[in-house]
1. Can you give the relative contact order of the chain as a percent, counting alpha carbon pairs under 8 Å and 6+ residues apart?
2. Starting from the Cα gyration tensor of segment 92-148, take the square roots of the eigenvalues, sort them a ≥ b ≥ c, and report rounded, prolate or oblate (rounded when a/c is under 1.5, otherwise prolate if a/b is larger than b/c, else oblate).
3. Which length gain, in nm to one decimal place, applies between TRP11 and ARG211 when the Cα-Cα distance is subtracted from 0.36 nm times their residue separation?
4. Which order do the peptides 49-59, 169-179 come out in when sorted by mean C-beta neighbours inside 10 angstrom, highest first?
5. Can you run phi through the Karplus equation (6.51, -1.76, 1.60; θ = phi - 60°) for segment 201-213 and list ³J(HN,Hα) in whole Hz, with x for Gly and Pro?
6. Using a Förster distance of 25 Å, how high is the FRET efficiency between ARG186 and LYS148, based on the Cβ-Cβ distance and rounded to 0.05?
7. Towards the positive end of the charge dipole of the chain, with charges on Cβ (+1 Lys, Arg; -1 Asp, Glu), say which of ILE174, VAL86, PRO73 has the farthest Cα.
8. Got a number for carbon plus sulfur as a percent of segment 117-239's accessible area, 1.4 Å probe?
Amino acid sequence: GSSTNFDERRWGGSLSIGKRYTNFTSITTTLEYLNLNVSDNKAGRTLSPNGTDNFFSLSSSYRYDTRDLADYPRIGTLIGISISKVGLFDGIVNYQRVGVDYRRYIPMYNDVVLAARVFANLASGGRIPNYGHVFFGYGDRIRGYFNKILEGEQIVGSTVEFHIPIIEPSYIRIEEIPIEQFKDFRYALYFAVFADAGTTWYRDEPLALNRFFSGYGVGLHLNLAYSVVARVEFAIPYAYSFSRGEIIFDLGAAL
C-alpha cells in the first residue's frame with residue numbers, strides 16, 4: 001500500500017504593520033505569501049491539482065490587553081479578534097477565518113484568582129486544505145485528553161481555573177551573580193483547580209454537544225524567574241472514573 005507519510009515544503013514571507021492606540025489596545029494588519037507543495041500529491045493535501053498551492057493572505061487583528069502579568073495574570077482582561085482572507089485574487093485557495101479569544105482574570109477572596117477563557121475560530125468560503133485545519137492536541141489542549149489530536153475546519157474551547165496561592169510571590173537574592181539585574185529571582189507556588197472543554201468540527205457537520213471533549217483536575221503551578229511557569233497536574237476525562245486520569249507535566253500557563 002501507499003505510505004501515509006509525505007513531505008510538505010513551504011516558503012514565503014509576511015509583512016506586518018501595527019499601531020498601538022492606547023496602553024491596552026493595538027491593531028495589526030499582515031500581508032502574507034505562501035508557496036506550499038507536497039511530495040506525494042493526494043486529494044486534500046493541496047487544493048491545486050498539481051500539488052503546489054501559492055497564494056497571498058491578508059489578516060487584521062485587534063488586541064485589548066489589561067493583564068498585570070502576561071505569563072500568569074492575577075487581574076485583567078485579554079480580548080483578541082482576528083479576521084483573515086486566505087487566498088487573495090486566487091480562484092483555487094479562497095476562504096475566510098474569524099478568530100475570537102477572550103480571557104478574564106478576577107481576584108477573589110484571600111488572593112484566590114478566577115481565570116477563564118473562551119475561544120473560537122470559524123471558517124467560511126471555499127474549500128479548506130488540510131494545512132488550513134485547526135487542532136486540539138498541539139498548542140491548545142483539553143486536559144483529560146491531553147495527547148488526543150482533534151482536527152477540523154472550526155474550533156471552539158473554554159477553560160476555567162482557580163489559582164490558590166500556597167507560596168505568595170517572593171524574591172530570593174543571589175549576591176554571587178555579578179549583574180545587578182539578575183540577582184533577584186522571583187518565585188511563587190499555586191494550587192490550581194481547573195476544567196477544560198472543546199471540540200473541532202467540519203463545516204458539513206452540525207456542532208453537537210455530545211461531540212465535546214471535557215476534563216477537569218487539580219495541579220501545582222510553580223512560577224519561576226524569567227517568566228517560567230512549570231505545571232504538574234492530574235486530569236480526569238469528564239464522565240470517566242479516577243482510574244482514567246492522566247498526569248501532565250507542562251511549561252507555560254494554560255491560560
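1. Contact order relative to length: 12 percent.
2. oblate
3. Length gained, TRP11 through ARG211: 68.4 nm.
4. 49-59, 169-179
5. So the J values, rounded to whole Hz, are 7, 9, 5, 8, 10, x, 7, 10, 4, 6, 9, 6, 9.
6. According to the calculation, E is roughly 0.15.
7. Projecting each Cα onto the dipole axis, the largest value belongs to VAL86.
8. After summing per-atom areas, the C and S share lands at 62 percent.
The values are calculated or read from the model by the stated rules, or taken from the named source; none is laboratory data. Predicted, not measured: the structure shown is a model, and the values here were computed from it. All Cβ positions, glycine included, derive from the backbone under ideal geometry; neighbour counts span all protein chains shown. What goes into the accessible areas is simple: the full protein's heavy atoms, side chains included, and nothing from ligands, DNA or RNA. Shrake-Rupley method; radii C 1.70, N 1.55, O 1.52, S 1.80 Å.
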